[in-house]
Amino acid sequence: MKRNLLALLIVTLFTISCSQMPKNNTASETALPIVENPSEFIHQLYLDKSGHGLENTDVSTLEKMNYAQKNVIYGEITYNGAITLFEKLNIKGNDVFYDIGSGVGKLVLQAYLTTPAKKSVGIELVGSRAKKAETVYQQLMNQGILSKAGNKELKYVEADVITSDLSDATTIFWANLTWEEGVIDKVVQKLSSSVKHPLLIVSHKSLDNYPNMKLKEAFTVECTWTSRSNVYLYEMEYPVSSKNTAINTSTATDNI
Ligand SMILES: C[S@@+](CC[C@H](N)C(=O)[O-])C[C@H]1O[C@@H](n2cnc3c(N)ncnc32)[C@H](O)[C@@H]1O
């Protein structure tokens with residue numbers, strides 16, 4: 001009898017202690033959106049942070065890197081445009097989302113706050129824009145937003161996308177309307193050689209002439225320069241065909 005009571009006590013104590021353990025939420029279990037009104041939250045956070053314009057240090061860095069200023073002409077996908085984008089990419093909890101050329105980082109923040117992606121990354125070449133994204137990251141840390149999101153990760157990187165590690169990307173947005181063709185070739189080569197799984201990529205420029213890029217759909221998204229900017233959703237095949245060399249044929253369909 002005593003033994004039974006002891007066993008019951010142990011089971012009860014074990015059950016209580018388990019129920020009080022912190023739950024190790026996976027990214028996909030995180031309640032979304034992470035903040036109540038993400039559109040207004042992002043708007044307020046960015047009131048004093050514009051991506052337009054370049055500082056003197058940006059200009060001299062671009063010169064040193066031999067980048068024409070046309071590569072860094074600024075414009076953004078809007079909040080509503082990004083809703084369309086995320087729907088088309090059908091982002092799930094095991095996805096890693098990259099915005100290549102992320103400006104001040106609004107789109108990456110929206111991905112982090114409103115989609116189940118386990119990781120949202122922005123890569124930006126222009127120093128002053130990347131620094132604004134970093135300021136936003138600090139503000140989110142200070143407000144405790146980054147600890148609300150389970151295992152989800154938000155990352156801003158100041159770098160040239162050509163030399164960045166993109167190997168874990170599963171979904172990409174690429175606002176490349178003003179990018180030089182040679183740079184576009186290098187980015188496609190980089191993705192083709194480093195990503196070891198199929199990848200979805202939404203590009204403003206057509207990538208039809210890259211043999212490993214299979215067009216799934218063309219649609220429009222709202223951007224700051226037009227309410228209907230053409231974009232193309234590609235699936236990058238894996239394994240990559242050896243025929244895919246840098247063919248320089250990307251074409252713009254509208255202008256920022
Ligand atoms: C049109 S803006 C898009 C901003 C953001 N993705 C959006 O849609 O809201 C393109 C950005 O790409 C950046 N960019 C251009 N070339 C780049 C490169 N090689 N590596 C990283 N970023 C680059 C520019 O500085 C610019 O901020």
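Each reported figure results from applying straightforward, stated rules to the coordinates on display, with no laboratory input. Quick caveat, the model's predicted, so the values are computed rather than measured. Positions of Cβ are backbone-derived with ideal geometry, glycine not excepted, and every protein chain shown enters the neighbour counts.
Name every residue in the range 83-114 that is more than 8 Å from the ligand (Cβ to nearest atom), part of a helix (DSSP H, G or I) and not β-branched (Val, Ile, Thr), in order of residue number.
Leu85, Phe86, Glu87, Lys88, Leu89, Leu109, Gln110, Ala111, Tyr112, Leu113 - these are the residues of the range 83-114 that are more than 8 Å from the ligand (Cβ to nearest atom), part of a helix (DSSP H, G or I) and not β-branched (Val, Ile, Thr).
With respect to Ser164, determine if the residue is among the hydroxyl-bearing types (Ser, Thr, Tyr) and either buried (at least 21 other Cβ atoms within 10 Å of the Cβ) or more than 11 Å from the ligand (Cβ to nearest atom) (or both).
So Ser164 fails the test.
When you look at Thr170, is it within 8 Å of the ligand (Cβ to nearest atom), surrounded by 19 or more Cβ atoms within 10 Å (Cβ to Cβ), hydroxyl-bearing (Ser, Thr, Tyr) and more than 13 Å from Ile100 (Cβ to Cβ), yes or no?
Numbers: within 8 Å of the ligand (Cβ to nearest atom): no; surrounded by 19 or more Cβ atoms within 10 Å (Cβ to Cβ): yes; hydroxyl-bearing (Ser, Thr, Tyr): yes; more than 13 Å from Ile100 (Cβ to Cβ): yes.
Against the criterion (within 8 Å of the ligand (Cβ to nearest atom), surrounded by 19 or more Cβ atoms within 10 Å (Cβ to Cβ), hydroxyl-bearing (Ser, Thr, Tyr) and more than 13 Å from Ile100 (Cβ to Cβ)), Thr170 does not qualify.
Every residue in the range 125-135 that is more than 8 Å from the ligand (Cβ to nearest atom) and of a type outside the set (Val, Ile, Thr), please.
Gly127, Ser128, Ala130, Lys131, Lys132, Ala133, Glu134
Taking the range 58-82 only, how many residues are touching a Ser or Thr at 6+ places or on another chain (Cβ under 9 Å) and free of Cβ contacts under 8 Å to residues at least 12 places away in the same chain?
Residues in the range 58-82 being touching a Ser or Thr at 6+ places or on another chain (Cβ under 9 Å) and free of Cβ contacts under 8 Å to residues at least 12 places away in the same chain: 0 in total.
Filter the range 69-82 down to the residues that are in a loop (DSSP other than H, G, I, E, B), closer than 18 Å to Ile100 by Cβ and not aromatic (Phe, Trp, Tyr) and list them by number.
Within the range 69-82, Ile73, Gly75, Glu76 qualify.
Given the structure, is Ala175 under 16 Å from Gly105 (Cα atoms) and in contact with a His (Cβ under 7 Å, 6 or more places away or on another chain)?
yes
Residues being surrounded by 14 or more Cβ atoms within 10 Å (Cβ to Cβ) and under 19 Å from Ile123 (Cα atoms): count how many of those fall in the range 147-161.
We begin by selecting, within the range 147-161, every residue surrounded by 14 or more Cβ atoms within 10 Å (Cβ to Cβ); these are 148-158, 160-161.
Filter once more, so that each one left must be under 19 Å from Ile123 (Cα atoms): 152-158, 160-161.
Summing the residues that are surrounded by 14 or more Cβ atoms within 10 Å (Cβ to Cβ) and under 19 Å from Ile123 (Cα atoms) in the range 147-161 gives 9.
Would you mind stating whether Glu180 is within 10 Å of the ligand (Cβ to nearest atom), of a type in the set (Asp, Glu), in contact with a strand residue (DSSP E or B) (Cβ under 7 Å, 6 or more places away or on another chain) and at negative phi?
no
When the residues of the range 117-148 are narrowed to those that are part of a loop (DSSP other than H, G, I, E, B) and either more than 21 Å from His43 (Cα to Cα) or among the polar types (S, T, N, Q) (or both), which ends up farthest from the chain's Cα centre (by Cα)?
Gln143
If I ask for residues that are closer than 16 Å to Asn176 by Cα and under 12 Å from the mean Cα position of the chain (by Cα), which ones from the range 65-103 would you list?
Scanning the range 65-103 gives Ala82, Leu85, Tyr98, Asp99, Ile100, Gly101, Ser102, Gly103.
Is it the case that Thr178 is surrounded by 15 or more Cβ atoms within 10 Å (Cβ to Cβ) and farther than 26 Å from Thr115 by Cβ?
For Thr178, the condition - surrounded by 15 or more Cβ atoms within 10 Å (Cβ to Cβ) and farther than 26 Å from Thr115 by Cβ - is met.
Condition check: near the ligand (Cβ under 8 Å from one of its atoms) and closer than 23 Å to Leu215 by Cα. Does Gly122 satisfy that? Outline the logic, then answer.
Details: near the ligand (Cβ under 8 Å from one of its atoms): yes; closer than 23 Å to Leu215 by Cα: no.
Against the criterion (near the ligand (Cβ under 8 Å from one of its atoms) and closer than 23 Å to Leu215 by Cα), Gly122 does not qualify.
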